[in-house]
Amino acid sequence: MKFDVVVVGAGPAGASCAYHLSGSGLRVLLLERERLPRFKLCAGCLSARTLRLLPEGYEGLLINRIRSGRLGFRALEEVRVEAEEDIAYIVDRRFFDHFLVKKAQERGVELVEAEFLGFEDEGGGYKVFSSKGSFRTEFVVGADGVRSRTAKLLGFKRKSSYRSLEFFTEGRLEEEVLIEIGWVKRGYLWLFPKGDGVSLGVATTGEEDLLKILGAYSNLRGLKYRHPKGWHIPFLEKEGDITLGEGRVLLVGDAAGMADPLLGEGIYYALLAGKLLSEAVLKEPSEPLRAYRRLLKPLLEELLYAGKIARLAYSFQRVAYKMGKGYALRSFYRVLKGEENYKDLYRRGWLAFLKHLTEEVFSGIFRRHERGNHRISL
Ligand SMILES: Cc1cc2nc3c(=O)[nH]c(=O)nc-3n(C[C@H](O)[C@H](O)[C@H](O)COP(=O)(O)OP(=O)(O)OC[C@H]3O[C@@H](n4cnc5c(N)ncnc54)[C@H](O)[C@@H]3O)c2cc1C
């Protein structure tokens, strides 16, 4: 069978790309190896700006609205900052992703639940192999997640990712999310509402024993511990991490490592990049990669700035906590709502960061000095 585009993977990136492509009359095949609706390990937190990217009819999918955030430091200190309006929403990925696929199908996208096995360049087009037969196509979109076979076949290797564990349990959080820093070297721990319960998770780039950390934290908060599931969150933080494809085989979402390196937010970027990829294919079918790179420039820049903030914030977590307590959390809410971006945050924040860092260094020296004097007087 012949298609214009074969999209591999029916997560937010693939569904978004397929939806926008078929709206323009192209014949699109969406290949998904799981039976839909399928489980996806995810806290399901959508920043408020994500709503702008969703097709009509999503309202019933928002199971919690978030109006405030708590930032904790090693469960020793905590600050709560309320927002004037919704800053985020929680969805169940099983139904959220399926909704996006159904919207794409309504526009004429053909869904085949089969595993993508590989492709062959036929010169001018591709032959795609799946567990349910082969298909001919002009373009291949690899939206097949963090372990993307498409990316592997192109010879790309994953550069950076968070290792994460998460479980769902009983608990109640009223319209708020809790982020804890200071538990891992680079990364954080989260407690988010999930319908009538909560999700507790932790992500790190380091080697810490995450099972132990989640166990200790659930004890501390009186949460019923359940055996967590693990997965990876790939992120982009340096120019060299960017791998968007080759020829007319293009990568999007986690397959291209498009989650943000500060928080691991991936759904917003997957949806947006899926849309931009469809524009690239439609506008410049002979050079889609060039067009895609150009259209993605602001998004990639955003991820690179989130990376700069992440490197500072996770290297000096006490300073990050102090800044969050002061004003940074409010600025961050504006990013979630799409009123500001990480570049603005970084540019405005780094001088203040240096100031806090200097204070922290001096107070550390002072504390050590005090302890030293104390020891002498004993
Ligand atoms: C523990 C955890 C918590 C997270 N929390 C959040 C959060 O709160 N908010 C947020 O924004 N992001 C979060 N993320 C990140 C987010 O889940 C991802 O960034 C997002 O799902 C990326 O979407 P995607 O469409 O690129 O990939 P995916 O959602 O992974 O979809 C890829 C699809 O491809 C299919 N597939 C794979 N291989 C094949 C194949 N060979 N053939 C056919 N189909 C295939 C898979 O079955 C899957 O359906 C979290 C991630 C983790 C691990």
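The values are calculated or read from the model by the stated rules, or taken from the named source; none is laboratory data. A quick note: this is a predicted structure, and the numbers were derived from the prediction, not measured. Here the Cβ positions follow ideal geometry from the backbone for every residue, glycine too, while neighbour counts run over all protein chains shown. Side chains are part of the model used for accessible areas, which takes the heavy atoms of the whole protein and leaves out ligands, DNA and RNA. Shrake-Rupley method; radii C 1.70, N 1.55, O 1.52, S 1.80 Å.
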**Prompt:** Do any residues in region 24-40 that are closer than 14 Å to Leu117 by Cα and part of a loop (DSSP other than H, G, I, E, B) have Cβ atoms under 9 Å from those of residues that are more than 6 Å from the ligand (Cβ to nearest atom) and aliphatic (A, V, I, L, M), where the two are at least six apart or on different chains, and which pairs are they?
**Reply:** Glu32/Val101; Glu32/Leu111; Glu32/Val112; Glu32/Ala114; Arg33/Ala114
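Select, from Leu220, Leu214, Leu244, Leu236, the only residue that is closer than 27 Å to Ser68 by Cα and within 15 Å of the ligand (Cβ to nearest atom).
Details: Leu220 fails: within 15 Å of the ligand (Cβ to nearest atom); Leu244 fails: closer than 27 Å to Ser68 by Cα; Leu236 fails: closer than 27 Å to Ser68 by Cα.
It is Leu214.
Table: residues versus (1) modelled with pLDDT of 95 or more; (2) open to solvent by less than 20 Å² (accessible area, probe 1.4 Å); (3) more than 24 Å from Arg318 (Cβ to Cβ).
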position: Phe192; (1), (2), (3): yes, yes, no
position: Thr204; (1), (2), (3): yes, yes, no
position: Tyr225; (1), (2), (3): yes, no, yes
position: Glu239; (1), (2), (3): no, no, yes
position: Glu246; (1), (2), (3): yes, no, yes
position: Val249; (1), (2), (3): yes, yes, yes
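Can you confirm whether region 20-33 contains a residue that is assigned by TED's automatic domain parsing to the domain that holds Ala256, over 20 Å from Pro288 (Cα atoms), within 15 Å of the ligand (Cβ to nearest atom) and surrounded by fewer than 23 Cβ atoms within 10 Å (Cβ to Cβ)? Don't jump to the end; show me each part of the working.
Residues of region 20-33 assigned by TED's automatic domain parsing to the domain that holds Ala256: 20-33.
So of that shortlist, the ones also over 20 Å from Pro288 (Cα atoms) come out as 31-33.
Retained after the next criterion (residues that are within 15 Å of the ligand (Cβ to nearest atom)): 31-33.
Filter once more, so that each one left must be surrounded by fewer than 23 Cβ atoms within 10 Å (Cβ to Cβ): 33.
Checking region 20-33: at least one residue is assigned by TED's automatic domain parsing to the domain that holds Ala256, over 20 Å from Pro288 (Cα atoms), within 15 Å of the ligand (Cβ to nearest atom) and surrounded by fewer than 23 Cβ atoms within 10 Å (Cβ to Cβ).
Name the residues in region 173-188 that are over 19 Å from Ile87 (Cβ atoms) and not aromatic (Phe, Trp, Tyr), would you?
First pass over region 173-188, keeping only residues over 19 Å from Ile87 (Cβ atoms): 182-187.
Once the filter is applied, which keeps residues that are over 19 Å from Ile87 (Cβ atoms) and not aromatic (Phe, Trp, Tyr), region 173-188 yields Gly182, Val184, Lys185, Arg186, Gly187.
Just to be sure, is Ser130 closer than 27 Å to His98 by Cβ, modelled with pLDDT of 95 or more, surrounded by 23 or more Cβ atoms within 10 Å (Cβ to Cβ) and of a type in the set (S, T, N, Q)?
Values: closer than 27 Å to His98 by Cβ: yes; modelled with pLDDT of 95 or more: yes; surrounded by 23 or more Cβ atoms within 10 Å (Cβ to Cβ): no; of a type in the set (S, T, N, Q): yes.
Spelling it out, it is not the case that Ser130 is closer than 27 Å to His98 by Cβ, modelled with pLDDT of 95 or more, surrounded by 23 or more Cβ atoms within 10 Å (Cβ to Cβ) and of a type in the set (S, T, N, Q).
Restricting attention to region 154-164, does a residue exist that is touching a strand residue (DSSP E or B) at 6+ places or on another chain (Cβ under 7 Å), open to solvent by 20 Å² or more (accessible area, probe 1.4 Å) and assigned to a strand (DSSP E or B)?
yes
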**Prompt:** Which condition does Glu138 not pass, out of (1) part of a helix (DSSP H, G or I); (2) under 19 Å from Ser22 (Cβ atoms); (3) of a type in the set (D, E, K, R), if it passes all the others?
**Reply:** (1)
**Item:** Subset of region 264-297 (residues that are in a helix (DSSP H, G or I), open to solvent by 40 Å² or more (accessible area, probe 1.4 Å) and away from the ligand (no atom under 15 Å from the Cβ))
**Value:** Glu279, Leu282, Lys283, Leu289, Arg290, Arg293, Arg294, Leu295, Lys297
**Request:** Restrict the check to region 298-318 and report whether at least one residue is modelled with pLDDT of 95 or more, outside any helix (DSSP H, G or I) and of a type outside the set (A, V, I, L, M, F, W, C).
**Result:** no
